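Below is one structure, written out as structure tokens; the observations come after it.
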Amino acid sequence: MYVDLHCHSHYSDGAQTPEYLVSAAFERGLSHLALTDHDCLCGIEQLWRNAPEDANLADKPGWRELNLIAGVEISCDWNGLEIHVVGLLRELNSPALVTLLSEQQHQRRQRAAAIAAKLDAIGVSGASDYLAALPATALTRSHIADFLVESGTCKNKQKAFKSHLGRRGKAYVAAKWASLDQAVNAIQATGGIAVLAHPSRYPLTRSKLSRLIGDFSAAGGEAMEVSYANLDPIAKKRLLELASEHSLFYSCGSDFHTLDSQWTALGKYPRLEPSAIKNAIWEHPRWHSIVSAGRSVYAPPSQDSES
């Protein structure tokens, strides 16, 4: 089992098309791919629409199968801190999920417009037109950071966040996100599994991280990412311990966004040790129903595919 259950397309803050992600997944030898764009389902809906309906492809000798899983990454507020919850979904048309994502996208557009207005006020114009030309459904501060770099306002994205988009920045606008309870409930309403995303990346002490995981579990969350790109062995060991303490399944994903980031690639993350497999998310009771509700795509044999 070689899975990547966390990646992004250009429908949120990724740089690549959904079709590119599928191609890269085949090249890496993945068996399962979940596209988890921020607060939107456009990318996975596009892949599902274009998936071949000819089941006989699976019977061709040597052809490889890739299971496409519907996913989403929902931004949440936890004690004033932005936390991300990945949803691995069984259905896309659940009213609870559709309503929540619609509200999240509205908040994203409102925030982006407010930031653009602040930039206009300090003489940095053009952000609104830049954002309108993007394929993204879920607008993020990362998109505005790209604009600030491309317009020559900031040297790089790190500078853009520090000087303009971060909490002390000239154009900062606070976000209004869903609660953990709202996100988890919406995911569960689809028959899916709620996964706490990249826990070590939040600016939290060990005790506060444990409190977050406890609150997530109490809200009904059932899994946690314990392996992802650029995670050191010590942090991974701690995450495995925390997930076990809170009886959460282990999930894995690259959190791939762009080819420009040399430290990550689709499917690139520390693999789970054999001793951890028994608690892997693919051992969850609903895993097979989620995979079955997805789509499969096939590719012919390849001499140079990676595993």
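The values are calculated or read from the model by the stated rules, or taken from the named source; none is laboratory data. For clarity, every value in this text was computed on a predicted model and none was experimentally measured. Virtual Cβ from ideal backbone geometry, glycine too; neighbours counted across all protein chains shown.
Details
- Every condition in (1) farther than 24 Å from Gly191 by Cα; (2) free of Cβ contacts under 8 Å to residues at least 12 places away in the same chain; (3) touching a helix residue (DSSP H, G or I) at 6+ places or on another chain (Cβ under 9 Å); (4) not polar (S, T, N, Q) is met by His288 except one, and the failing one is (1).
- Sub-7 Å Cβ pairs linking a first residue in region 89-112 that is farther than 11 Å from Ala186 by Cβ to a second residue that is assigned to a helix (DSSP H, G or I) and among the polar types (S, T, N, Q), at least 6 apart or interchain, are Arg90/Ser289, ordered by first then second residue.
- Checking the stated criteria, Ser247 turns out to be assigned to a loop (DSSP other than H, G, I, E, B) and either out of contact with any strand residue (DSSP E or B) (no Cβ under 7 Å at 6 or more places or on another chain) or at pLDDT below 90 (or both).
Okay, residues lined up against (1) acidic (Asp, Glu); (2) in contact with a Phe, Trp or Tyr (Cβ under 8 Å, 6 or more places away or on another chain); (3) under 30 Å from Ala219 (Cβ atoms); (4) modelled with pLDDT of 95 or more:
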{"position": "Asp4", "(1), (2), (3), (4)": "yes, yes, yes, yes"}
{"position": "Gly14", "(1), (2), (3), (4)": "no, yes, yes, no"}
{"position": "Leu41", "(1), (2), (3), (4)": "no, no, yes, yes"}
{"position": "Asp54", "(1), (2), (3), (4)": "yes, no, no, no"}
{"position": "Leu57", "(1), (2), (3), (4)": "no, yes, no, no"}
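- Candidates in region 108-130 are the residues that are under 23 Å from the mean Cα position of the chain (by Cα), surrounded by 16 or more Cβ atoms within 10 Å (Cβ to Cβ) and not aliphatic (A, V, I, L, M); of these, the one that is nearest to Leu47 (Cα to Cα) is Arg108.
- Options Ala178, Ala197: the member that is under 28 Å from Leu148 (Cα atoms), in contact with a helix residue (DSSP H, G or I) (Cβ under 9 Å, 6 or more places away or on another chain) and in contact (Cβ under 8 Å) with a residue 60 or more places away in the chain: Ala178
- Matching residues, region 21-32, being within 16 Å of the chain's Cα centre (by Cα), assigned to a helix (DSSP H, G or I) and not small (Gly, Ala, Ser): Leu21, Val22
- Scan of region 1-32 for residues that are without any contact (Cβ under 8 Å) to a residue 40 or more places away in the chain and either of a type in the set (Ser, Thr, Tyr) or in contact with a helix residue (DSSP H, G or I) (Cβ under 7 Å, 6 or more places away or on another chain) (or both), ordered by number: Ser9, Thr17, Pro18, Tyr20, Ser23, Ser31
- Every condition in (1) crowded, with 16+ Cβ neighbours inside 10 Å; (2) in contact with a Ser or Thr (Cβ under 8 Å, 6 or more places away or on another chain); (3) farther than 29 Å from Thr17 by Cβ is met by Ala229 except one, and the failing one is (3).
- Failed condition for Phe216, given (1) more than 19 Å from the chain's Cα centre (by Cα); (2) surrounded by 16 or more Cβ atoms within 10 Å (Cβ to Cβ); (3) hydrophobic (A, V, I, L, M, F, W, C); (4) part of a helix (DSSP H, G or I): (1)
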